[in-house]
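What follows is one structure encoded as structure tokens, with my remarks underneath.
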Amino acid sequence: MDENMMPELTLDPSGAAAAQAAAQAAEAAIPKAPDTPALTLEGAVTPEDAAAVQAARDAQAIQLDESQLNEAERKMVNDFAQKIDITDSTQVLQYGAAAQKNIAGFSENALNNVRTKDLGQVGEALSSLVVELKTFGQEEKSGIFGFFQKKKNEALALKASYDKAEVNVDKIASILEGHQVTLMKDIAMLDQMYELNTKYYKELTMYILAGKKALMKARNEDLEELRKQASASGSQEDAQKYNDYANLCSRFEKKLHDLELTRMISIQMGPQTRMIQNNDALMLEKIQSSLVNTIPLWKSQMVLALGLEHSRQATAAQSAVTNMTNDLLRKNAEMLKMGTIETAKEAERSVVDIETLQHTNQQLISTLNEVMQIQKDGAQKRKEAELELGRIEGELKQKLLELRG
């Protein structure tokens with residue numbers, strides 16, 4: 001592994017400045033899935049089905065452990081875990097902040113890239129090229145009988161049309177070449193972004209693993225020792241120490257959960273970066289094909305067109321009328337066919353697609369399930385709080401009786 005891409009662990013969040021500056025040099029686009037409601041004609045999911053689905057998801061869940069690390073990284077995690085002090089509030093607050101800032105800067109620059117990068121210009125240039133090539137040599141006619149307007153020298157007129165079209169085509173080609181260079185730079189930059197994201201992901205993984213080791217040690221050893229001490233002495237002071245240390249463990253556990261969420265963002269950024277890179281590569285190939293195939297082919301065809309123009313001038317007027325009639329009949333038939341097919345397709349299409357209805361229903365069911373779970377959790381918490389209030393009242397009453405005794 002490149003030494004510059006090795007993960008780094010630190011308890012000083014200020015050390016993230018250099019890495020964040022490197023992340024800001026990269027730009028990428030992150031597509032956001034639309035949150036579209038959906039309906040479905042299927043019945044409601046039974047608890048048994050939901051349990052089976054959840055069991056299948058649990059079976060596919062990836063466990064975060066040290067198997068994802070090499071020997072050097074495992075040693076780094078073990079050594080770093082020994083330095084973690086969950087009693088240090090500042091250290092807990094800033095734990096993993098360096099890696100989180102890197103991911104935040106990475107995502108912000110990706111968003112800025114979406115806002116500022118406009119590949120629509122490439123599409124406009126390609127469309128202009130197609131229009132220029134298709135309309136080349138077309139005469140301006142005032143009606144069907146304009147076909148019979150003869151020019152004194154149609155070969156010269158065709159050559160003049162070619163000269164005008166060639167200027168426009170060359171301008172468009174120059175624009176496409178500029179976009180080609182930009183896309184090549186973007187593809188190389190996205191490779192760097194992918195490597196940076198891989199480094200940040202590995203750092204977050206190591207922070208989480210080191211933190212879990214420190215938390216397990218704190219709970220199994222230090223917290224357990226305080227619990228035994230408080231139970232043995234019966235002292236309010238010892239009980240308070242146990243409670244304070246338990247709260248510190250909970251705070252640190254929440255911090256590790258925040259790091260796991262950031263790690264998931266980093267995981268998603270990997271394939272997203274590759275998708276953007278692939279889109280740029282496809283556009284680059286399209287530009288390349290236009291520059292090396294379409295334009296040279298058009299110019300070579302122009303040579304043939306100039307030669308054929310001399311033969312066309314010898315064509316009889318009746319042949320021209322016949323050709324025009326046949327062309328009009330074919331075009332009208334094609335237009336009628338296309339119009340009829342499109343009308344039939346649109347007439348058969350449903351007002352709302354079934355996929356949209358299914359997605360809407362899934363979102364509705366998910367919302368109801370979440371609301372039910374929230375209500376259930378709230379009721380359980382209120383019940384537990386009621387019991388706790390009873391215990392508190394009993395303890396206070398007992399203490400008052402002891403004071404009177």
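The values are calculated or read from the model by the stated rules, or taken from the named source; none is laboratory data. Remember, predicted model here, so these are calculated numbers, not experimental data. Positions of Cβ are generated from backbone atoms using ideal geometry, with glycine treated the same way; all protein chains shown enter the neighbour counts. The accessibility values were calculated without ligands, DNA or RNA, using every heavy atom of the protein model including side chains. Shrake-Rupley method; radii C 1.70, N 1.55, O 1.52, S 1.80 Å.
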Exercise. Within region 90-99, how many residues turn out to be in contact (Cβ under 8 Å) with a residue 12 or more places away in the chain and open to solvent by 40 Å² or more (accessible area, probe 1.4 Å)?
Worked result: 2
Problem set entry | Among residues of region 175-196, those that are open to solvent by 10 Å² or more (accessible area, probe 1.4 Å) and either under 27 Å from Ala72 (Cα atoms) or among the aliphatic types (A, V, I, L, M) (or both), counted | 11
For this session: Return the pairs, sorted by first residue and then second, in which the second residue is part of a helix (DSSP H, G or I) and open to solvent by less than 30 Å² (accessible area, probe 1.4 Å), the first residue lies in region 171-190 and is touching a residue at least 60 places away in the same chain (Cβ under 8 Å) and at positive phi, the beta carbons are less than 9 Å apart, and the residues are 6+ apart or on different chains.
Result: none
Seminar exercise, completed: Of those in region 337-373 that are β-branched (Val, Ile, Thr), over 25 Å from the mean Cα position of the chain (by Cα) and part of a helix (DSSP H, G or I), the residue modelled with the highest pLDDT is Ile365
Exercise. In the list Met216, Met269, Met264, which residue meets the criterion of being at pLDDT below 90, open to solvent by 70 Å² or more (accessible area, probe 1.4 Å) and within 26 Å of Ala99 (Cβ to Cβ)?
Worked result: Met264
Problem set entry | Evaluation of Leu401 against (1) under 31 Å from the mean Cα position of the chain (by Cα); (2) surrounded by fewer than 10 Cβ atoms within 10 Å (Cβ to Cβ); (3) of a type in the set (A, V, I, L, M, F, W, C) (one fails), failing number | (1)
Problem set entry | region 362-387, residues that are open to solvent by 90 Å² or more (accessible area, probe 1.4 Å), over 15 Å from Pro47 (Cα atoms) and of a type in the set (D, E, K, R) | Lys376, Lys381, Arg382, Lys383, Glu384, Glu386
Exercise. Quick check, is Met206 in a helix (DSSP H, G or I) and surrounded by fewer than 14 Cβ atoms within 10 Å (Cβ to Cβ)?
Worked result: no
For this session: Quick one: in region 49-90, of everything that is at pLDDT below 65 and not basic (Lys, Arg), which residue is farthest from the chain's Cα centre (by Cα)?
Result: Ala55
Seminar exercise, completed: When region 229-249 is checked residue by residue, the ones that are loosely packed, with under 11 Cβ neighbours inside 10 Å and small (Gly, Ala, Ser) are Ala232, Gly234
Problem set entry | Residues located in region 212-248, provided they are under 36 Å from the mean Cα position of the chain (by Cα) and farther than 23 Å from Arg74 by Cα | Leu248
